[in-house]
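Visitor: Right, I'll just put the structure down here and ask away after.
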Amino acid sequence: MAGSLFLAGGAYAQPAAPLATLEIALPITEPARTRMEPAQARGPDLSVMTYNVKGLPWPIATGRADALERIADRLARMRKDAVQPAVVVLQEAFRSEAKSIGDRAGYRYQIVGARAQRVANPVSRRAPLRRRSAAPQLDSGLIVLSDFPIVEVDRAAFPKGACAGMDCFAAKGVVLVTLDVPGKGRVEIATTHLNSKGASWAPEKETERAYREQVDFLVDFLRSNRNPAIPLILAGDFNLGDREERLAILPPALTRLNGGLAPSEALRGCIDADFMPDVHSDDAQWVLERARDMQYVLPGDRRTVAAVAASIPFGTETGGEPLSDHFGYTIEYRLTAAAGMLASRDETPVAARPNVSVASMPVPHRSTGQSDEQAAIRAN
């Protein structure tokens, strides 16, 4: 199930400046900077922000249009000041205002996730949340925005039935993209949104089953489609929490995916390394304690990636409510060749063609058995 790839107009420019270190977000364009000396000397090669923007449709959520537009406008102001994240992964981007964030914020490359393609079945009045009684009404809500060229795309929805409660109304799944980072080669970014628990309005047994099935699918999909030679950053809303049953599912599965080693959790690593002043740690601690929004780092065989700084552009707001029920945070990364290895010669970037419409770009779905769709590249 393919989404669409958009190539916006204008000349491509690399992100010009590193982001600020971890801080409480204020409605300003130039946050304070704090950084370890090595990162300050060289700067990051890549920055990734993950954000569940709560772009839910009416009547599930109301009054979201203004907040979503403010999110887009803040990212646009950050771009004006050359401090925007190079890559943004969004979850719950269902509404039109959420889907327009990339355009309003100036991101040239945009990938959307799986679409809802099945015809909805009538919902039983006796069991309106039964997982098999309703087909997806919404798409995945997943979007990847990038300043760097996206040269490969894989995406899929979770299998039919691998959901519980309200989550079954969305075609949740996974999106995997390969970026060409100028001068550094390639890196993979994946995003996902796993089944909620209480918010799904489903019995606990059902949510646990759905969570396990989704995690199994996610790991199988990434194992089948990722390039093990290059690093993978897996970012999104994992709905993990401090829940014993889910802690027994997700971390062991990611450890298996990473060859028996637990992947590093970038934000936790930044906090442990004291990459930010204590005065700005409350928002970060809230993100860690909720354990929903994570960025996991899986190194490649030929290239490695390390988190060097963090920031929270969308957290506690001064004089108002946060713009979402999640915080949007950014991790800055440095990419290097693995010890004793040179960058792969087959990492030649696919040339960007800003004024050409490409009618066919195969988007494989080896893990789903679904027929492929074409991804369209559009020049504005």
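Bear in mind these aren't lab numbers, they're just calculated from the coordinates by the rules spelled out. Keep in mind the model is a prediction, meaning the values are calculated, not measured. As a convention, Cβ positions derive from the backbone with ideal geometry for all residues, glycine included, and neighbour counts pool all protein chains shown.
Visitor: When ranked by the protection proxy of mean other Cβ atoms within 10 Å per residue, highest first, what sequence do the peptides 284-295, 299-310, 80-91 form? If you can, show how the numbers build up before the last one.
Guide: Details: 284-295: 18.4, 299-310: 22.1, 80-91: 23.9.
In decreasing order of mean packing, 284-295, 299-310, 80-91 become 80-91, 299-310, 284-295.
Visitor: Which shape class applies to region 208-326: rounded if a/c is under 1.5, otherwise prolate when a/b exceeds b/c and oblate if not, where a ≥ b ≥ c are the square roots of the Cα gyration tensor eigenvalues?
Guide: On the way: a/c = 2.19, a/b = 1.40, b/c = 1.57.
Note, shape of region 208-326 comes out oblate.
Visitor: Let me ask another. With label points built 7 Å along Cα→Cβ from the Cα atoms of Ala253 and Ala337, find their separation and express it in nm.
Guide: Placing both labels 7 Å along Cα→Cβ, they lie 3.6 nm apart.
Visitor: Let me ask something additional. Using a cut-off of 14 Å between beta-carbons, work out the net charge of the residues near Leu240 (Lys and Arg +1, Asp and Glu -1, Leu240 not included).
Guide: The answer is -1.
Visitor: List, in the order given, every pair from Lys80/Lys172; Lys99/Lys205; Lys172/Lys205 whose Cα-Cα distance in the structure shown is over 24 Å.
Guide: Lys80/Lys172; Lys99/Lys205, as the Cα separations exceed 24 Å there.
Visitor: Subtract the Cα-Cα distance of Thr62 and Glu289 from 0.36 nm times their separation in residues, and report this length gain in nm to one decimal.
Guide: Values: separation 227, 0.36 × 227 = 81.72 nm, distance 2.69 nm.
Difference between extended and current length: 79.0 nm.
Visitor: Could you line up Thr207, Thr316, Thr255 from fewest to most neighbouring Cβ atoms inside 10 Å? Please report the intermediate quantities before stating the final value.
Guide: Working: Thr207 26, Thr316 17, Thr255 14.
Lowest count first: Thr255, Thr316, Thr207.
Visitor: In what sequence do Lys197, Lys99, Lys160, Lys205 fall when counting other Cβ within 10 Å, fewest first? Walk me through the numbers before you get to the answer.
Guide: On the way: Lys197 22, Lys99 18, Lys160 13, Lys205 10.
By the 10 Å Cβ count, ascending: Lys205, Lys160, Lys99, Lys197.
Visitor: Note the full-extension length gain between Ser100 and Lys160 as 0.36 nm times their separation in residues minus their Cα-Cα distance, in nm to one decimal.
Guide: Details: separation 60, 0.36 × 60 = 21.60 nm, distance 2.82 nm.
That works out to 18.8 nm of additional length.
Visitor: State, to one decimal in nm, how far the label point of Ser224 lies from the label point of Ser281, with both points 7 Å from Cα in the Cβ direction.
Guide: According to this spin-label approximation, the distance is 4.4 nm.
Visitor: What distance in nm lies between label points placed 7 Å from Cα along the C-beta direction at Glu245 and Arg70?
Guide: In this crude label model, Glu245 to Arg70 measures out at 3.6 nm.
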